[in-house]
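Chemist: So that we are looking at the same thing, I have put the structure below in structure tokens.
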Amino acid sequence: RIRPSLSNDPVSLWESSDRGRHPRVCCHRGYLMEEYEFSRVFGPEDDNQRLFSELQAAALTESVFSGVNETLFAYGQTGSGKTHTIFGGAKDPGLLELFVQQIFAARGPFATESSSSSVHLCCYEVLGELLTDLLDSSNLLAEGALYEDDIVYDELYIKTQKCRYQICHVRSAEQCLALLHLARKRRTSGVSSQNSDSSRSHAIVHLFVQTPQRNGAAAIGTLTLVDLAGTEKEQENPSEQGRKSARLLNTSLCSLNRLLRKLQMGCLDESERRQSVLNKCLWEYLRPGCGIALIFCVSPLLQHRSASLSTLAMATDSKAIHSQR
């Protein structure tokens, strides 16, 4: 996905005009022109609704209701539009909101005579070796919209530390989105080389869908959306705290890149799970049998060409990932 250029600075990357038959990204490297072909390419004029439609959201949602784990990543450099893709903006709802609406709209057709599907939500951030719960259910509890029995806690042991996070039973799209709106505000942010208020953690959202079957059993599928923090050269961050967080984020991204390389080669093994907290959190949702969609976000600007080429290289290699549901 190529983000819009918000300035008059020269660009080195654009979408090919032959969008329909062979979706490609063109990159001018100064001395040669390169083309990268992908399953789908989204240009600066494409909104999140088009992305949602092209991802075949209805089929993906049906897959979750049938008990499959589906995972979507937003991957790319700092300032390339990853958070906008997942969380959206005031005039352009993100994939997360669109999927929440889709899941609650789809509950009816999957209901049996005695019960309907239930949806549970959790949202947390990962920064280095620390996992932090982002859900704040206190307002909904005080209003009576949520009950104490609607909230359970799960734990992840990280070295000698125990990290707890909430899993909330949500009964409507409005309730779910209210929790996610607060969660986004609680996410760690700070100065980066591209933005004065940039996401400085990896945000992970799980939507667990339990669907009753006619034989009395239940199918449990999970939709996971991951907004990865952007890659950034540590020395380019203008603040000391920013350089420290860039170091932590780059380390976890390196571990995730190794995991993705193993997926590309079809040789994923248990050792990758232990390489980082991020890998540990995502392990169950990347294993064989899970659906995986990778959305690579790039900036078209010439000044960002080096980082964009690195993202395009990873995107090209990731075409080798074949996850059989």
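Chemist: At 1.002 mPa s and 20 °C, plugging the Kirkwood radius over alpha-carbon pairs of region 1-46 into Stokes-Einstein gives what diffusion coefficient in µm²/s?
Modeler: D, rounded to a whole number, is 191 µm²/s.
Chemist: Follow-up question, since we're still on this one. Give the percent of DSSP beta bridges with both residues in the chain that are antiparallel, rounded to the nearest 5. Intermediate results must be reported in sequence, preceding the final value.
Modeler: Working: 46 of 60 bridges.
The antiparallel fraction comes to roughly 75 percent.
Chemist: Now for a different question. Rg and Dmax in Å for the chain, alpha carbons only: what are they?
Modeler: 19.9, 66
Chemist: Anyone know which of ARG171, ARG21, ARG214 comes out most mobile in the 10 Å Cα GNM of the chain?
Modeler: Its mean-square fluctuation being the largest, the pick is ARG21.
Chemist: Based only on Cα atoms, what Rg/Rh ratio does region 1-150 have, Rh being taken as Kirkwood's radius?
Modeler: Ratio of gyration radius to Kirkwood radius: 1.05.
Chemist: Okay, helix-only estimate at 222 nm for the chain: each DSSP H run of n ≥ 4 adds -39500 (n - 2.57), divide by all residues, round to 500 deg cm²/dmol; what do you get?
Modeler: -9000 deg cm²/dmol
Chemist: Right, another one. Solvent-accessible area per residue for the chain at a 1.4 Å probe radius, Å²?
Modeler: Averaged over the residues of the chain, the accessible area is 48 Å².
Chemist: Shifting gears a bit: Could you check which residue among GLU174, GLU155, GLU129 shows the biggest mean-square fluctuation in a GNM of the chain with a 10 Å Cα cutoff?
Modeler: Of GLU174, GLU155, GLU129, the Gaussian network model singles out GLU155 as fluctuating most.
Chemist: Enter the Cα centre distance for the pair region 266-325 and region 48-90, rounded to the nearest angstrom.
Modeler: 14
Chemist: In the Gaussian network model of the chain, springs joining C-alpha atoms below 10 Å, which of GLY216, GLY144, GLY289 carries the largest mean-square fluctuation?
Modeler: Sorting by GNM fluctuation, first place goes to GLY216.
Chemist: For region 268-325, what D do you get in µm² per second when you plug the Kirkwood radius from alpha-carbon pairs into Stokes-Einstein at 25 °C and 0.890 mPa s?
Modeler: For the chosen part, D equals 183 µm²/s.
The values are calculated or read from the model by the stated rules, or taken from the named source; none is laboratory data. Fair warning: this is a prediction, and the values are worked out from it, not measured in the lab. Note: areas computed on protein heavy atoms with side chains; ligands, DNA, RNA excluded. Shrake-Rupley method; radii C 1.70, N 1.55, O 1.52, S 1.80 Å.
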